[in-house]
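Quick one: the structure is below, questions incoming.
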Amino acid sequence: MRFLLLINCFLLFSCGSAYKTLVPAEGDPGCLQKFKPRFTTNWYEANVDVMGNHISGLMLFKLMPDSSMRIAFTSKSGLKFLDFEFTKNGQFKSHYVIDNLNKKVVINTLRKDFEIILMHSLDEWPILSYSKSDLYYYAVPDPDNEADYYVTSWDCTNLVRVEQGGRKKVLEAFFRNYDNRIPGEITLNHTTFNMKISLIKLDIENANQ
Amino acid sequence: MRSLILFLWLAPLNLLAQYNNFTEISDISGFKKKFNDESAKIKSISSNFEQEKELTILSEKIISKGEFRFKRENKIRIEYLDPFYYLMIINGDKMIIKDDQNETTMNVRSNKLFQQVNNIMVESVNGTIIDNEDFSVRIFEDASRYLMEMTPVDKTLKGFFNTILIYADKESFSVTQILMNESSGDTTLIKFVNRNLNAQLSDEIFTLN
């Protein structure tokens, strides 16, 4: 398996790839761990724009006692759209999806997007280090000839963006305004089709008192 | 067999526990006429509301608050103010939704589900929901309130709700709270507080102009 991933690494960074201009560099992938969201129970205001349709709602990330992560998305008026789970080992399970969204392509797209938000690939191996201009690219290849690229400032104090792509970039994500290792804003842009997810953290402590 | 006996024994207890201190009204047609006649005297409602959404399996809830306006026959303005902003206006067949990022206007007749949701919201407050053929209805009462148990018979609505419970004040016949028991097991409770009946409301608040 690891051999296959290394083969994929070669293919990714060979000719024709959007990332072929990256230069191997010495880096410390361990520095990325501080950017991995440490959700406990966090609500976000969510705006999803897909193919000309706009859906707004509330998204909950909740770390369960068994260390699994549950993600629920409801409308603002209360109706639940979906309830997904990533087990402690990263396995995905769909607990509930409304009929309108219950399509394999939709669920797979959302699963991949949530994996980016949770930065699951930081638990994978290998993580390769590259540089371009004054940025570092930490690449985590997957078996599908794509990779997640964690783009940081040269000193790894700032996560500039996360990209996903192979021959071309398919997604970019931005994590901003961290507070106690929880991002205040998360934005995902799909670049090969018209879909954008925007999350803004809600301060609900006062509302729940 | 023992399980069956236990189930049959517990079933009525469960019902009693659900509607504690309420007794069922057998004369539904008499109640409907009285309820329709009395609620027709309510020309407008101006109220604050508190919405409690509970994700039952996740033992998590979020409370949101805002302002509610109703003007007979079919104008509704629901404005969420805390902890997020969200505005929904129903004006006849037109539904307008506005949040921080987007504004959408739609004709509810263009979509059966929108029309059903529109009908539930409008008819809940104007007193005609007990005539809605998408539901079967049972009526209960205690000393100060009526409780209308609405059970969807329509296939689409069954996919969203097990029951919708509408509580109305016996004196004014106005709705005081709505509890939506979703098919997913979640609940949404909307409580109307500081209700002001038959206050003067301009038509302009039911538009975005």
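Each value in this text was obtained by applying a stated rule to the coordinates, not by laboratory testing. Owing to the predicted nature of the structure, the values given are computational and were not obtained by experimental measurement. Every residue, glycine as well, gets a Cβ built from its backbone with ideal geometry; the counts of neighbours run over all protein chains shown.
I need the fraction of alpha carbon pairs in chain B separated by more than 27 Å, rounded to a whole percent.
That fraction is 33 percent.
Also: For chain B, what's the relative contact order in percent, using C-alpha pairs closer than 8 Å and at least 6 residues apart?
RCO, chain B: 22 percent.
Continuing with the same structure: Can you give the angle from 0 to 90° between the axis of helix A:2-12 and the longest principal axis of chain A, with both taken from C-alpha atoms, to the nearest 10?
With both axes taken from Cα atoms, the answer is about 80 degrees.
So what's the convex hull volume per residue for the Cα atoms of chain A, in Å³?
Details: hull volume 27.8 nm³, N = 209.
Cα-based convex hull of chain A, divided per residue, equals 133 Å³.
In peptide A:68-80, how many Cβ atoms from other protein chains are near each Cβ within 10 Å, on average?
The shielding value for this peptide is 6.
Where a ≥ b ≥ c are the square roots of the eigenvalues of the C-alpha gyration tensor, would you call the range B:80-153 rounded, which needs a/c under 1.5, or, failing that, prolate if a/b is larger than b/c, or oblate?
Since a/c reaches 1.5 but b/c is at least a/b, the shape of the range B:80-153 is classed as oblate.
Can you tell me, using C-alpha contacts under 8 Å and at least 6 residues apart, the relative contact order of the range A:37-88 as a whole percent?
Working: 96 pairs, mean separation 13.8, N = 52.
That works out to 27 percent.
When Cβ neighbours within 10 Å are restricted to other protein chains, what is their mean count per residue of peptide B:185-194?
Working: counts 3, 7, 1, 6, 1, 2, 0, 0, 0, 0.
Average neighbour count from other chains, rounded to a whole number: 2.
Still on this structure, I have one more. What's the angle, to the nearest 10 degrees (0 to 90), between helix B:112-126's Cα axis and the longest principal axis of chain B?
It is inclined by approximately 90 degrees.
Hey, fewest Cβ within 10 Å first, where do A:125, A:154, A:43 land in order? Don't skip to the end; give the middle numbers.
Numbers: A:125 9, A:154 13, A:43 23.
Starting with the residue having the fewest Cβ neighbours, the order is A:125, A:154, A:43.
Let me ask you something else. Among rounded, prolate and oblate, which fits the range A:86-209 when a ≥ b ≥ c are the square roots of the eigenvalues of its C-alpha gyration tensor, a/c under 1.5 means rounded, and a/b larger than b/c means prolate?
Oblate, because a/c is 1.5 or more while a/b does not exceed b/c.
Can you give me the orientation-averaged projected area of the convex hull built on the Cα atoms of the range B:149-193, in nm²?
3.4 nm²
Still on this structure: How far, in degrees from 0 to 90, does helix B:28-39 lean away from the longest principal axis of the Cα atoms of chain B, to the nearest 10?
Between the helix axis and the principal axis of chain B, the angle is about 30 degrees.
Moving to a separate point now. Excluding residues on the same chain fewer than 8 positions from residue A:132, give the lysines whose Cα lies under 18 Å from its Cα.
Residue A:132 reaches A:20, A:168, A:169.
Treat the protein assembly as shown as a sphere of radius equal to its Kirkwood radius over Cα pairs and apply Stokes-Einstein at 4 °C in a medium of 1.567 mPa s; give the translational diffusion coefficient in µm²/s, rounded to a whole number.
Working: Rh = 24.3 Å.
Answer from the Stokes-Einstein relation: 53 µm²/s.
Oh, and also: Please average, across the residues of B:58-64, the number of beta carbons from any other chain that are within 10 Å of each residue's own beta carbon, and give a whole number.
Rounded to a whole number, the mean comes out at 6.
Per the helix-only calculation at 222 nm, which mean residue ellipticity applies to chain B, given -39500 (n - 2.57) for every DSSP H run of n ≥ 4 and division by its residues, nearest 500 deg cm²/dmol?
Rounded to the nearest 500, the figure is -7000 deg cm²/dmol.
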